[in-house]
Amino acid sequence: MNHGRPTMAKREKEKSRKENQKTKDERRSQRKKDQANRPPNENGEDPDIAGIVPGPQAPPEEFRD
């Protein structure tokens, strides 16, 4: 059985999908611009991982003897 024409719902869905993609593209381009304009770090270290020491970590203060 045919439940009617799904074209209007499909059009709305596609329109919504295109709008979401457009906003994502705008956010991506803005992020690229922000990253390009950011001044470089003085010591060349990534700020997200600055100060992290590889290897085993010391136990938290509450678990130390």
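Just so you know, all these numbers are worked out from the coordinates, no wet-lab data involved. The model shown is predicted, which means the values in this text are computed figures rather than measured ones. Here the Cβ positions follow ideal geometry from the backbone for every residue, glycine too, while neighbour counts run over all protein chains shown.
222 nm [θ] for the chain, helices only, -39500 (n - 2.57) per DSSP H run of 4+, per residue, to 500?
-17500 deg cm²/dmol
Ratio of the chain's C-alpha Rg to 2.2 N^0.38 Å, to two decimals?
In units of the 2.2 N^0.38 Å rule of thumb, it is 2.32.
State the extension gain, in nm to one decimal, for the chain segment bounded by Gln35 and Ala50, taking 0.36 nm per residue of separation less the distance between their alpha-carbons.
3.6 nm
To the nearest 20 debye, what charge dipole does the chain have about its Cα centre, counting +1 at the Cβ of each Lys and Arg and -1 at the Cβ of each Asp and Glu?
So the dipole magnitude of the chain works out to roughly 1220 debye.
If I model a spin label as a point 7 Å beyond the Cα along the Cα-Cβ vector, how far apart are those points for Glu61 and Asn43 in nm?
2.3 nm
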